[in-house]
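Just below is one structure, and these are the notes that go with it.
Bear in mind these aren't lab numbers, they're just calculated from the coordinates by the rules spelled out. All values derive from a computational prediction rather than experimental measurement. For neighbour counting, all protein chains shown are included, and Cβ atoms are generated from backbone atoms with ideal geometry for every residue, glycine included.
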Amino acid sequence: MDVLKLLRFSVLLCFLCQISKNNEVYASHMVYPELQSISAVTVKQIHRTGFHFRPKRHWINDPNAPLYFNGIYHLFYQYNPKGSVWGNIVWAHSVSKDMINWKALDHAMYPSKPFDINGVWSGSATVLPGNIPVILYTGLDPNNTQVQNYAVPANASDPYLREWIKPDNNPLVVPTKDINASQFRDPTTAWWSNGQWKMLVGSRRKLRGMAYLYRSKDFFNWVKAKHPLHSAPNTGMWECPDFYPVLLAGKKGLDTSVNGKNVKFVLKVSLDLTRYDYYTVGKYNAAKDKYIPDNTSIDGWEGLRYDYGNFYASKTFYDPAKKRRILWGWANESDSSEDDIKKGWAGIQAIPRTVWLDPSGKQLVQWPVEELNCLRGQKVHKNNVKLNKGDHVEIKGITAAQADVEATFSFPRLDKAEKFDPKWVKAQDVCAQKGSKNQGGVGPFGLLTLASKNLEEFTPVFFRIFKAPKRHVVLLCSDARSSSLGEGLYKPSFAGFVDVDLADKKLSLRSLIDHSVVESYGAGGKTCITSRVYPTLAILGDAHLFVFNNGSETVTVENLNAWSMKSPRVD
Ligand SMILES: *[C@@H]1O[C@H](CO)[C@@H](O)[C@H](O)[C@H]1NC(C)=O
Ligand SMILES: *[C@@H]1O[C@H](CO)[C@@H](O)[C@H](O)[C@H]1NC(C)=O
Ligand SMILES: *[C@@H]1O[C@H](CO)[C@@H](O)[C@H](O)[C@H]1NC(C)=O
Ligand SMILES: *[C@@H]1O[C@H](CO)[C@@H](O)[C@H](O)[C@H]1NC(C)=O
Ligand SMILES: *[C@@H]1O[C@H](CO)[C@@H](O)[C@H](O)[C@H]1NC(C)=O
Ligand SMILES: *[C@H]1O[C@@H](CO)[C@H](O)[C@@H](O)[C@@H]1NC(C)=O
């Protein structure tokens, strides 16, 4: 190292130690005051995603108020216009006809009024009768009290709803004395039942997570219900609650105000303590305004997750044009804040997903919106590829750094499945213990995504099947441990169990690969995992895709379709 380099290095080190001294956690985000207004000089292209939603530069987090209005999809999101870490948050606004190509508009909201002068935080949209969209959001007042506000379009005839007004009769809701004023945020889409509007606000009481319920006859005067809609012990702060009906049968979505015999409800909360999105399926008793999760749904952090990887602060909305419910979720970075400053950007939205109830009634199923398929370009097809233990076969002919892959794997029998240890409660621990390198019986088999030619780097997405006393246990892993030779990265072995019938001895997998993200859908969307990874060799044209098997049972790739993905217009 020459003197100049050494000097620069020590200045950088000193800078970094300053930063870590001043770090604090502010409402669940690490705050780096020194970094939050360092504008990106350039935006580094190497790990930049091609077909996921992200702004031109800088930090993004929660999707806000997704909405369909008069033929246009709207996405608002928490955005730092000045830097690549959390801070200076505004409501950025983009519009689209297909949720794939986006046009950025001026910011819809920024702190400007006494009721939000210290922050315009997350919220949701409700379309009132007469086709009038209203946004409910959390503002931080001069005392940093979290209050719930509303905003309306300045001109509902403007097809893009460019300008939003925050009327002076805000805030609509302030925390009562029994509520911690710094733990009271993220109002939901409101629903209409029994002659009133209802909405939820996330909170906690000591360690009990709470979804406070508010009621209103006119949408402006809100009264807190005596009991929360739901709460659960030891789950900590509930951020971004989401509450909506799903049909018992079929993939159709429902407007948020629908209830009835053919309907169940989903309550999702983003647990600040673990930073994952959990949901339960249950019943909503509208007369009592109580939500009761089914006994098949675990409440809390051993429960079901939308996604077992980087996916947080999600929100659904009903799309009346295609009669479906769509889920947006934020996939944060897994590199360091210093890397983000150097990259000039941080955060993406996962591909919007259609969600519906699985026929079992026990869980949801998720699938990328059909509009994504319009980006499929060059295609390769394979069938009947036999994979013996230790085999890996390259799928050539597509841009492996930006691709959509769908594969069905089959296996002749299950008797070689490894024994399941009943102590294995957390899928992620099993994935970390077993990985893809530890050879098994039936599996590990699946895809090696973002792989370098000689496998110095790869992100394997794979199944492993275990034998428990009365059933088989299927694990889906997306293991980032070998994803990069780079340093200072978060490389978890993300995993989830898959509740799937193995009678036909087949398992399907779809992975959306996009430079620094691998978003996977196991068994038709029953278990989803999003990993953020930063290869150093497996980049751009040097990224490869393989199918592999490391189990003693032979596995056949029955059918595989892979496409190069085009880049839509996203800004
Ligand atoms: C802020 O707190 C002070 C002291 O408790 C109080 O007088 C004032 O009304 C509060 N401001 C707002 C906007 O609530
Ligand atoms: C509202 O938007 C419509 C459609 O863009 C436009 O024609 C009209 O002039 C706008 N009205 C106002 C008051 O800006
Ligand atoms: C309110 O929540 C904050 C965390 O945001 C915590 O530090 C504080 O102790 C809580 N106050 C009370 C009275 O529980
Ligand atoms: C779960 O609830 C169903 C009815 O919804 C009931 O038939 C079943 O016995 C319950 N199971 C347990 C373990 O409580
Ligand atoms: C398969 O197992 C072998 C032996 O443990 C290991 O060297 C290799 O890396 C594994 N393959 C993958 C893709 O993990
Ligand atoms: C995303 O980044 C990783 C690595 O820094 C953290 O561990 C996660 O907590 C974080 N997730 C969210 C939702 O902030």
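For the chain, the relative contact order works out to 14 percent when only alpha carbon pairs closer than 8 Å and six or more residues apart are counted.
Annotation: the stretch 370-518 has a Kirkwood hydrodynamic radius of 16.4 angstrom, from the mean reciprocal C-alpha pair distance. Is the stretch 52-210 best put as rounded, prolate or oblate by its Cα gyration tensor, with a ≥ b ≥ c the root eigenvalues, rounded for a/c under 1.5, and otherwise prolate when a/b is larger than b/c, oblate when not? It comes out oblate by the Cα gyration axes. For the chain, the calculated P(r), taken from all Cα-Cα distances in 10 Å bins from zero up to the bin holding the longest distance, is 3, 18, 28, 27, 17, 7, 1, 0 percent. Over 26 Å apart at the Cα level, from the set LYS506/LYS526; LYS379/LYS467; LYS470/LYS505; LYS177/LYS198, are LYS379/LYS467.
Only the Cβ atoms of Lys and Arg (+1) and of Asp and Glu (-1) were treated as charged; on that basis the dipole of the chain about its Cα centre amounts to roughly 1100 debye. Look at the dipole of the chain built from charges on Cβ: of HIS472, SER531, PHE548, the Cα furthest out on the positive end belongs to HIS472. Toward the positive end of the charge dipole of the stretch 217-271, with +1 on the Cβ of Lys and Arg and -1 on the Cβ of Asp and Glu, the farthest Cα among GLY236, PHE265, ALA225 is that of PHE265.
In the chain, helices alone account for a calculated mean residue ellipticity at 222 nm of -2000 deg cm²/dmol, with every DSSP H run of four or more residues adding -39,500 (n - 2.57).
The Cα center of the stretch 327-365 and the Cα center of the stretch 213-258 differ in position by 22 Å.
In the stretch 60-368, a dipole from Cβ-located charges (positive for Lys and Arg, negative for Asp and Glu) runs towards its positive end, and of ILE135, ALA346, SER94 it is ILE135 whose Cα lies farthest in that direction. Helix 3-22 sits at what angle to the longest principal axis of the chain, using alpha carbons and giving 0 to 90 degrees rounded to 10? Helix 3-22 sits at roughly 50 degrees to that axis. With the highest mean first, a sort of the peptides 442-453, 465-476, 522-533 on other beta-carbon atoms found within 10 angstrom per residue produces 442-453, 522-533, 465-476.
With contacts taken as Cα pairs under 8 Å and at least 6 residues apart, the stretch 441-531 reaches a relative contact order of 22 percent.
Here is the size of the stretch 60-368 from its Cα atoms: Rg then Dmax, 18.0, 54 Å.
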